Amino acid sequence: MLAGTVGPRTRRECTIISDAVSTLTRLEELNEQYGSTVAASDATMARVAEPERAGFDGP
């Protein structure tokens, strides 16, 4: 992970770069594409017990 500020002193912005942030961005894009409320990765769903997976559908 890389975190820091970028830009000139008059217009600095904070940013974070990592695999987790990239994955989150892709999940959020899928969330918008499917009009869903929650999007979860396969890795996350693999850790959830079958009964708690109710209502989760998708590719």
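No value in this document is a laboratory result; all are computed from the given coordinates. Computed from a predicted structure; not experimentally measured. Backbone-built Cβ (ideal geometry, glycine too); neighbour counts: all protein chains shown.
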| field | Residues located in segment 9-42, provided they are of a type in the set (Asp, Glu) and closer than 14 Å to Asp57 by Cα | value | Asp42
| query | Name the pairs whose Cβ atoms lie under 9 Å apart, with the first residue in segment 30-56 and more than 20 Å from Ala20 (Cα to Cα), the second part of a helix (DSSP H, G or I), and 6 or more positions between them or separate chains? | reply | Ser36/Leu30; Arg53/Met45; Phe56/Met45
| query | Which ones in segment 5-54 are surrounded by 10 or more Cβ atoms within 10 Å (Cβ to Cβ) and in a strand (DSSP E or B)? | reply | Thr15, Ile16, Ile17
